[in-house]
Amino acid sequence: MTTPLIELRGVRQTYGAFTALDRLHLSLPDTAATLAIAGESGSGKTTLARIMLGFIKPSEGQVLYRGKDIATMTRTERFDFGREVQPIFQDPFNVFNPFYRVDHVLTTPLRKFGLASGADDARAKIEDALSRVGLRPKDTLGRFPHELSGGQRQRIMVARAVLLRPRLIVADEPVSMVDASLRATILDEIRDLNRDLGIAFVYITHDLTTAFQLCDDIVVLYQGRVAEAGAVEHVIGAPQHPYSQLLVSSIPLPDLSRRWGDDDMQADPAQAARTSAGCRFAPRCPQVMDRCWSADPTMTRPLPHRMLACHLDASAALQGNDVATVFSGQARPKAASASGQQGTKA
């Protein structure tokens, strides 16, 4: 069996009494996978991204990269991990030092990781990376951050990540702070990088529309737990979990005969005021049952390429919050997804 590219085993993250992630198991195959982590604010998405990047150590559990626990890596292994797993942050405004020209964020990683044989080689690599994200080097290099638009700054950060030829990029809401006209362009560039360079992407987002456009698989988080996971066309196209249905119903539809929000699920006010010792979504769920208030739902597989944590499903239970088998790459080969399904999503 192939060792996963990155794997989370029983990861739990707490901040005092607050639990940001709870017993999460996740495995990404060592292929050019594209995985969306979706959910509303407070669902644990950014915490998960920071744990994957090794920025914070989980309160419990392990994070393994190519089978090695990143908490026990040697200095050399940690150095390699830092090059092979790269971030793209949400805010392109705070990443740059206003006193340096934008060249600084591109030359520094090349120098740190020794990836250029000299000044000419470094320049060639930087120009290639900028061109790959749709920027003209002669119009970009030598300028200060304030002389570029937010979209240009964000594309430079994509170029910076690509410059290191990583195996995995963790992108935390990379288009949420650029205008709508640039979102599709940046997402298309990310998809091209995935296809042309074989870079795997974990895409953190609250936007199911962009998740559907960019990714093959999706994990839907609610209050630090997996609600639903599987192939993106199934989870978004026909959501089974009431929370996933709520997220999908919140997407504006291009149908002028229907009012946006008419299909939103509404919970009873008295129910919403209750606290649940079982399913965390129970106070908001219009299909809540008595056992939802007292017992955690167990992860099940109701359909191929789908996993679900909901008492409404009576399928055979799987282990805890484990979504590893959905992304094993065996049931739905990556090659088929990349050639046929991505084309239909665009």
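The values are calculated or read from the model by the stated rules, or taken from the named source; none is laboratory data. Please read these numbers as outputs of a predicted model, since none were measured by experiment. We place every Cβ from the backbone using ideal geometry, glycine too, and count neighbours over all the protein chains shown.
Identify, from the list Q245, Q330, Q240, Q319, the residue that is assigned to a loop (DSSP other than H, G, I, E, B) and modelled with pLDDT of 50 or more.
On the way: Q245 fails: assigned to a loop (DSSP other than H, G, I, E, B); Q330 fails: modelled with pLDDT of 50 or more; Q319 fails: modelled with pLDDT of 50 or more.
The conditions single out Q240.
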- Message: What's the number of the only condition in (1) over 11 Å from P87 (Cα atoms); (2) at pLDDT 85 or above that D172 fails to meet?
- Response: (1)
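Name the residue, out of E77, E84, that is out of contact with any Asp or Glu (no Cβ under 8 Å at 6 or more places or on another chain) and within 25 Å of R191 (Cα to Cα).
E84
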- (1) touching a residue at least 12 places away in the same chain (Cβ under 8 Å); (2) part of a helix (DSSP H, G or I): which one isn't true of E40, the others all being true? (2)
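Can you tell me which residues in the range 134-165 are in a helix (DSSP H, G or I) and surrounded by fewer than 19 Cβ atoms within 10 Å (Cβ to Cβ)? Reasoning before the result, please.
Here is the first cut: in the range 134-165, the ones in a helix (DSSP H, G or I) are 137-140, 145-147, 150-163.
Scanning the range 134-165 gives P137, K138, D139, H146, E147, G150.
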- Message: Just to verify a result, which residue in the range 89-106, among those that are hydrophobic (A, V, I, L, M, F, W, C) and either assigned to a loop (DSSP other than H, G, I, E, B) or touching a Phe, Trp or Tyr at 6+ places or on another chain (Cβ under 9 Å) (or both), is nearest to F144 (Cα to Cα)?
- Response: V102
- Note on the structure: Within the range 227-249, the residues that are polar (S, T, N, Q) and surrounded by fewer than 24 Cβ atoms within 10 Å (Cβ to Cβ) are Q240, Q245, S249
- Give the range 46-67 a look and list any residue that's buried (at least 16 other Cβ atoms within 10 Å of the Cβ), within 18 Å of the chain's Cα centre (by Cα) and either among the aliphatic types (A, V, I, L, M) or part of a strand (DSSP E or B) (or both), or say none. L48, A49, I51, M52, L53, V63, L64, Y65
- Message: Please determine whether any residue of the range 91-98 is surrounded by 15 or more Cβ atoms within 10 Å (Cβ to Cβ) and more than 22 Å from the chain's Cα centre (by Cα).
- Response: yes
